[in-house]
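Trainee: Let me begin by handing over the structure; questions about it come next.
The values are calculated or read from the model by the stated rules, or taken from the named source; none is laboratory data. Note that this is a predicted model, so its numbers are computed, not measured. Here the Cβ positions follow ideal geometry from the backbone for every residue, glycine too, while neighbour counts run over all protein chains shown.
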Amino acid sequence: MTEVPQHVTIIMDGNGRWARKQGKQRLFGHKEGVESVRACLEFAVEKGIRYLSVFAFSEENWNRPEEEVSGLMALMFKSVLNEEKTFMRNNVRFRVIGDVSRLKPDLLRVIRGLEERTAANTGTTLIVMLSYSGKWDITQAAQRYAQDALAAQREAREPAPLTEENFATYLSTAGIPDPDLMIRTSGEQRISNYMLWQCAYTEFYYTDVLWPDFRKNEFARALEAFSTRDRRYGKIK
Ligand code: IPE
Ligand code: IPE
Ligand code: MG
């Protein structure tokens, strides 16, 4: 393998179908999915991937039945409490990105706590995209830019010009390089309102494997595929 991507992002899909195949409740699939996150994180650390982001819960997922939403949030809460040792051992920085104003205060508190305690870790950054959507991200960025521009106007200062570069600093992913590789499991081939701005030049990799079955070997296969891609960025090579 030649080139290791700097940022890999994963749309972790297929937990419900995985559970159904075993004759179990959907939440059973989500629980098994947490194991896949751990396995993929360990693999990312091994490979020296700087950023691993995972789509854990979309804005649209709030429209699922209450029971599933609360089950997923409880699982998130438990995982945040449980995984600190893994993060510390692997020098992993933990971050959560999304519209966290929709989260319960106790969940947000444990998330912020773990973010602070891992902030000085210098290895792989694990970014959990929670209550996230691409359109939300672009909209909140536009709102915050407008607020800054209005404030500048009020103070008779020149507002910063709205360049692509400047706009990206208002996105929730500011400071994080755009994903080089996006993996989606479970056979679906769509973006589902994920990092719309950030995936402008991302390589996409789709697999039929359901997320709870996606472990190191599958991740290695995706990296292998990535290493054969020819990234031209509109130029001629
Ligand atoms: C992905 O698995 C996890 C979340 C979206 C929270 P799904 O829950 O979407 O599983 P399927 O697609 O129904 O199989
Ligand atoms: C996308 O999966 C969101 C996450 C993986 C968190 P969904 O299962 O919600 O997406 P759709 O509804 O099939 O597009
Ligand atoms: Mg799904």
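Trainee: Please pick out the residue among Tyr170, Tyr205, Tyr132, Tyr201 that is within 16 Å of ligand 1 (Cβ to nearest atom), under 20 Å from Ser53 (Cα atoms) and not basic (Lys, Arg).
Mentor: Checking each option against the conditions leaves just Tyr132.
Trainee: Mind checking whether some residue in the range 9-28 is part of a loop (DSSP other than H, G, I, E, B), touching a residue at least 24 places away in the same chain (Cβ under 8 Å), touching a strand residue (DSSP E or B) at 6+ places or on another chain (Cβ under 9 Å) and of a type outside the set (Gly, Ala, Ser)?
Mentor: Yes, the range 9-28 contains at least one residue that is part of a loop (DSSP other than H, G, I, E, B), touching a residue at least 24 places away in the same chain (Cβ under 8 Å), touching a strand residue (DSSP E or B) at 6+ places or on another chain (Cβ under 9 Å) and of a type outside the set (Gly, Ala, Ser).
Trainee: Between a first residue in the range 218-237 that is assigned to a helix (DSSP H, G or I) and a second residue that is of a type in the set (Ser, Thr, Tyr) and modelled with pLDDT under 95, which pairs have beta carbons less than 6 Å apart while being 6 or more apart in sequence or on different chains?
Mentor: Between residues of the range 218-237 that are assigned to a helix (DSSP H, G or I) and residues that are of a type in the set (Ser, Thr, Tyr) and modelled with pLDDT under 95, the close pairs are Ser227/Thr2.
Trainee: Something else: Suppose the filter is basic (Lys, Arg), in a loop (DSSP other than H, G, I, E, B) and under 26 Å from Glu42 (Cβ atoms); does Arg190 pass it?
Mentor: no
Trainee: Let me ask something else about it. From the list Phe28, Phe55, Phe43, which one is among the hydrophobic types (A, V, I, L, M, F, W, C), more than 23 Å from Met195 (Cβ to Cβ) and at pLDDT 95 or above?
Mentor: On inspection, the qualifying residue turns out to be Phe28.
Trainee: So if I check each of Asp180, Asp213, which one is within 26 Å of Leu27 (Cα to Cα), surrounded by 15 or more Cβ atoms within 10 Å (Cβ to Cβ) and either among the charged types (D, E, K, R) or without any contact (Cβ under 8 Å) to a residue 60 or more places away in the chain (or both)?
Mentor: Just one listed residue meets the conditions, Asp213.
Trainee: Within the range 186-204, can one find any residue that is in contact (Cβ under 8 Å) with a residue 12 or more places away in the chain, within 16 Å of ligand 3 (Cβ to nearest atom) and buried (at least 19 other Cβ atoms within 10 Å of the Cβ)?
Mentor: Among the residues of the range 186-204, at least one is in contact (Cβ under 8 Å) with a residue 12 or more places away in the chain, within 16 Å of ligand 3 (Cβ to nearest atom) and buried (at least 19 other Cβ atoms within 10 Å of the Cβ), which makes the answer yes.
Trainee: Could you tell me whether Leu81 is within 16 Å of ligand 3 (Cβ to nearest atom) and over 30 Å from Ser227 (Cα atoms)?
Mentor: no
Trainee: Among residues belonging to the range 47-77 that are within 15 Å of ligand 3 (Cβ to nearest atom) and charged (D, E, K, R), point out the one that is nearest to the chain's Cα centre (by Cα).
Mentor: It comes out as Glu59.
Trainee: Among the numbered criteria (1) in contact with a helix residue (DSSP H, G or I) (Cβ under 6 Å, 6 or more places away or on another chain); (2) within 16 Å of ligand 2 (Cβ to nearest atom); (3) within 27 Å of Arg231 (Cβ to Cβ); (4) in a helix (DSSP H, G or I), which single criterion is violated by Val37?
Mentor: (1)
Trainee: Enumerate the pairs (first residue in the range 59-85 and within 18 Å of Ile97 (Cα to Cα); second residue anywhere and among the charged types (D, E, K, R) and buried (at least 16 other Cβ atoms within 10 Å of the Cβ)) with beta-carbon separation below 7 Å, excluding pairs fewer than 6 apart on the same chain, so at least 6 apart or on different chains.
Mentor: Glu59/Asp99; Leu75/Lys31
Trainee: When the residues of the range 6-45 are narrowed to those that are crowded, with 18+ Cβ neighbours inside 10 Å and small (Gly, Ala, Ser), which ends up farthest from Thr125 (Cα to Cα)?
Mentor: Among those that are crowded, with 18+ Cβ neighbours inside 10 Å and small (Gly, Ala, Ser), it is Ala19.
Trainee: May I pose another question? Does Ala160 satisfy being over 27 Å from Phe55 (Cβ atoms) and hydrophobic (A, V, I, L, M, F, W, C)?
Mentor: yes
Trainee: I'd like to check something: does the range 207-226 contain any residue that is more than 22 Å from the chain's Cα centre (by Cα) and more than 26 Å from Val96 (Cα to Cα)?
Mentor: no
Trainee: Being among the basic types (Lys, Arg) and closer than 25 Å to Asn217 by Cα is true for just one of Arg93, Arg109. Which residue is that?
Mentor: On inspection, the qualifying residue turns out to be Arg93.
Trainee: Please go through the range 205-217 and give me each residue that is more than 16 Å from ligand 3 (Cβ to nearest atom) and either part of a helix (DSSP H, G or I) or polar (S, T, N, Q) (or both), ordered by number.
Mentor: Once the filter is applied, which keeps residues that are more than 16 Å from ligand 3 (Cβ to nearest atom) and either part of a helix (DSSP H, G or I) or polar (S, T, N, Q) (or both), the range 205-217 yields Lys216, Asn217.
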